[in-house]
Amino acid sequence: MLRVLHLADLHLGYRANHRDIPQEVFEERDEVLEQAVEVAIQRGAQLVLIVGDLFDDYRPGETVVEDVLRSLKRLEQAGICCVTVPGNHDEYTYYDSVYRRYHHRWPGILVDNPMPEIVHTLSVGGTLVHIVSLAYTAGRTNVSQPLRDFPEAPNDGITIAAFHGTIGNPFNSERSLPLDEQALARTGYRYIALGHIHSPKRYDWGHTVAYYPGMVVGKGFSDPGVSSFSLVTLTKGSVHIEQIPARAPKWHHEVVSVSSCEGFEALINECQNRLQAHTDSLVQISLQGLAPFPISTERLKTELNTLCRYLEVVDETEGFSQEYLDKLAREHTVRGMFVRKLKERIGACTDEQQRRLYQRALLLGLEALGVAGGE
Ligand SMILES: [Mn+2]
């Protein structure tokens with residue numbers, strides 16, 4: 001039996017400076033490797049694989065690097081083999097890449113060969129475990145076609161691979177490693193630890209299992225992470241992957257339809273209900289549908305932002321509801337006249353593109369006349 005803690009895409013050192021998200025959220029996510037080390041020790045892992053994008057950048061800050069070295073040192077002292085594979089964010093290519101600058105001090109195995117090779121062999125309870133990997137290096141790793149030449153699995157023991165790349169994407173334009181799915185399936189390796197794709201995915205090719213554990217701690221609402229570690233247990237007949245919860249900032253995206261809300265108070269209530277299960281999360285509320293009344297996202301934020309760790313409200317409504325526009329059209333004001341005129345034009349319109357243009361004009365006009373900000 002072999003127990004492997006399979007990590008990938010930790011993206012340590014990531015900071016989102018363009019948002020008003022509190023900095024400590026990102027400092028907190030940087031502690032994930034130390035947690036992973038704890039899990040590896042407590043759960044008796046014999047091997048830790050870090051399959052690319054350990055850092056968010058190839059030149060991370062010194063503090064982040066020193067913390068990583070300290071954590072990996074702990075693994076070494078606990079007698080756990082650790083293999084670090086550079087990714088595409090923390091690419092090995094650059095002369096001042098973190099992995100070149102800290103190579104001499106890196107605990108465990110730091111992969112630096114540009115094409116797949118057996119990088120290390122360890123013995124676990126008398127069984128040999130061979131590890132195949134590479135560090136994608138621009139100009140040296142041949143990516144003119146998806147990678148399909150892999151070293152043959154030796155007859156003694158089992159073979160495991162660790163690749164940071166994309167399966168089955170021969171025309172990928174990003175700087176990353178394309179991997180040939182059929183060729184991987186033919187290797188006969190017992191387990192292929194993958195990284196690069198941030199959501200989990202498992203491939204079963206007969207006796208060979210390949211797996212993306214996903215990003216452990218999220219970077220934001222569009223890249224929320226899985227908030228768990230993947231502990232892989234290999235036995236003679238099976239590959240079992242257990243999810244172990246990770247303490248990490250939680251990102252949550254919530255869609256709220258405004259169409260059915262009677263008024264602003266009802267909308268606040270609806271949002272409050274939705275937030276109840278996410279009090280310790282960073283939440284993004286996306287307002288959708290046709291608004292039956294003017295919505296102030298600022299006011300919503302003020303009303304709700306104490307109910308969760310951080311709140312962002314995005315107005316993605318498509319415009320105002322018919323009822324609301326009818327109400328405005330009845331006003332004896334410039335605004336009422338504007339709405340009447342635009343409604344007439346929209347009603348008479350036969351061209352779809354022209355109609356959308358008028359609808360956009362209606363929204364912009366109403367904004368200018370002071371309705372979108374809230375009454
Ligand atoms: Mn990544």
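Of (1) within 16 Å of the ligand (Cβ to nearest atom); (2) under 17 Å from S133 (Cβ atoms), L33 satisfies all except one. Which?
(2) is the only condition that L33 fails.
Considering only segment 284-292, I want to know if a residue exists there that is open to solvent by 70 Å² or more (accessible area, probe 1.4 Å) and in a helix (DSSP H, G or I).
No: zero hits.
Identify all residues within segment 83-106 that are closer than 20 Å to T121 by Cα, within 16 Å of the ligand (Cβ to nearest atom) and aliphatic (A, V, I, L, M); write none if there are none.
Passing the criteria: only V85.
Residue under question is V217, and the condition is that it be farther than 30 Å from A135 by Cα and either outside any loop (DSSP other than H, G, I, E, B) or open to solvent by less than 60 Å² (accessible area, probe 1.4 Å) (or both); does it hold? Even if it seems obvious, please write down each step before you answer.
Details: farther than 30 Å from A135 by Cα: no; either outside any loop (DSSP other than H, G, I, E, B) or open to solvent by less than 60 Å² (accessible area, probe 1.4 Å) (or both): yes.
So V217 does not fit the description; no.
Go through segment 174-203 and count every residue that is free of Cβ contacts under 8 Å to residues at least 24 places away in the same chain and not in a helix (DSSP H, G or I).
Total meeting the criteria: 1.
Any residue in segment 75-82 that is within 16 Å of the ligand (Cβ to nearest atom), part of a loop (DSSP other than H, G, I, E, B) and either open to solvent by 10 Å² or more (accessible area, probe 1.4 Å) or not assigned by TED's automatic domain parsing to the domain that holds I131 (or both)?
Restricting attention to segment 75-82, the residues satisfying the condition of being within 16 Å of the ligand (Cβ to nearest atom) are none.
Checked against the condition, which is being within 16 Å of the ligand (Cβ to nearest atom), part of a loop (DSSP other than H, G, I, E, B) and either open to solvent by 10 Å² or more (accessible area, probe 1.4 Å) or not assigned by TED's automatic domain parsing to the domain that holds I131 (or both), segment 75-82 yields no hits at all.
Looking at the structure I just gave you, is A291 outside the structural domain of L366 (by TED's automatic domain parsing) and under 30 Å from E344 (Cα atoms)?
Working: outside the structural domain of L366 (by TED's automatic domain parsing): yes; under 30 Å from E344 (Cα atoms): yes.
Yes.
Residue by residue through segment 247-268, note down the ones that are within 30 Å of S230 (Cβ to Cβ), charged (D, E, K, R) and not in a loop (DSSP other than H, G, I, E, B). First the steps, then the outcome.
So the first thing to find is which residues in segment 247-268 are within 30 Å of S230 (Cβ to Cβ), and the list is 247-255.
Narrowing further to those that are charged (D, E, K, R): 247, 250, 254.
Of everything in segment 247-268, those that are within 30 Å of S230 (Cβ to Cβ), charged (D, E, K, R) and not in a loop (DSSP other than H, G, I, E, B) turn out to be K250, E254.
Condition (residue is within 24 Å of the chain's Cα centre (by Cα) and open to solvent by 40 Å² or more (accessible area, probe 1.4 Å)) applied to segment 87-104: is it met by at least one residue?
Step one: of segment 87-104, the residues within 24 Å of the chain's Cα centre (by Cα) are 87-93, 97-99.
Next cut, open to solvent by 40 Å² or more (accessible area, probe 1.4 Å) only: 89.
Taking every residue of segment 87-104 in turn, at least one turns out to be within 24 Å of the chain's Cα centre (by Cα) and open to solvent by 40 Å² or more (accessible area, probe 1.4 Å).
In segment 255-268, which residues are buried (at least 19 other Cβ atoms within 10 Å of the Cβ) and among the charged types (D, E, K, R)?
none
Please state which of the following conditions P154 fails to meet, knowing it meets all the rest: (1) modelled with pLDDT of 95 or more; (2) assigned to a loop (DSSP other than H, G, I, E, B); (3) buried (at least 18 other Cβ atoms within 10 Å of the Cβ).
(3)
Mind checking which residues of segment 36-59 are within 15 Å of the ligand (Cβ to nearest atom), more than 16 Å from G214 (Cβ to Cβ) and buried (at least 23 other Cβ atoms within 10 Å of the Cβ)?
Correct list: F55 only.
Suppose we filter segment 38-69 for residues that are assigned to a helix (DSSP H, G or I), farther than 24 Å from V132 by Cβ and in contact (Cβ under 8 Å) with a residue 12 or more places away in the chain; how many remain? Don't jump to the end; show me each part of the working.
Just the residues of segment 38-69 that are assigned to a helix (DSSP H, G or I), to begin with: 38-42, 62-69.
Imposing the further condition that a residue be farther than 24 Å from V132 by Cβ reduces the set to 38-39, 41-42, 62-67, 69.
Next cut, in contact (Cβ under 8 Å) with a residue 12 or more places away in the chain only: 39, 41, 64-65, 67, 69.
Of the residues in segment 38-69, 6 are assigned to a helix (DSSP H, G or I), farther than 24 Å from V132 by Cβ and in contact (Cβ under 8 Å) with a residue 12 or more places away in the chain.
Name the pairs whose Cβ atoms lie under 8 Å apart, with the first residue in segment 150-166 and not assigned by TED's automatic domain parsing to the domain that holds V232, the second within 16 Å of the ligand (Cβ to nearest atom) and at pLDDT below 95, and 6 or more positions between them or separate chains?
none
The values are calculated or read from the model by the stated rules, or taken from the named source; none is laboratory data. Everything numeric here is computed off the predicted structure, so don't read it as measured data. Using ideal geometry, Cβ is built from the backbone for each residue, glycine included, and neighbour counts are taken over all protein chains shown. The area values use the complete protein model at the heavy-atom level, side chains included, leaving out ligands, DNA and RNA. Shrake-Rupley method; radii C 1.70, N 1.55, O 1.52, S 1.80 Å.
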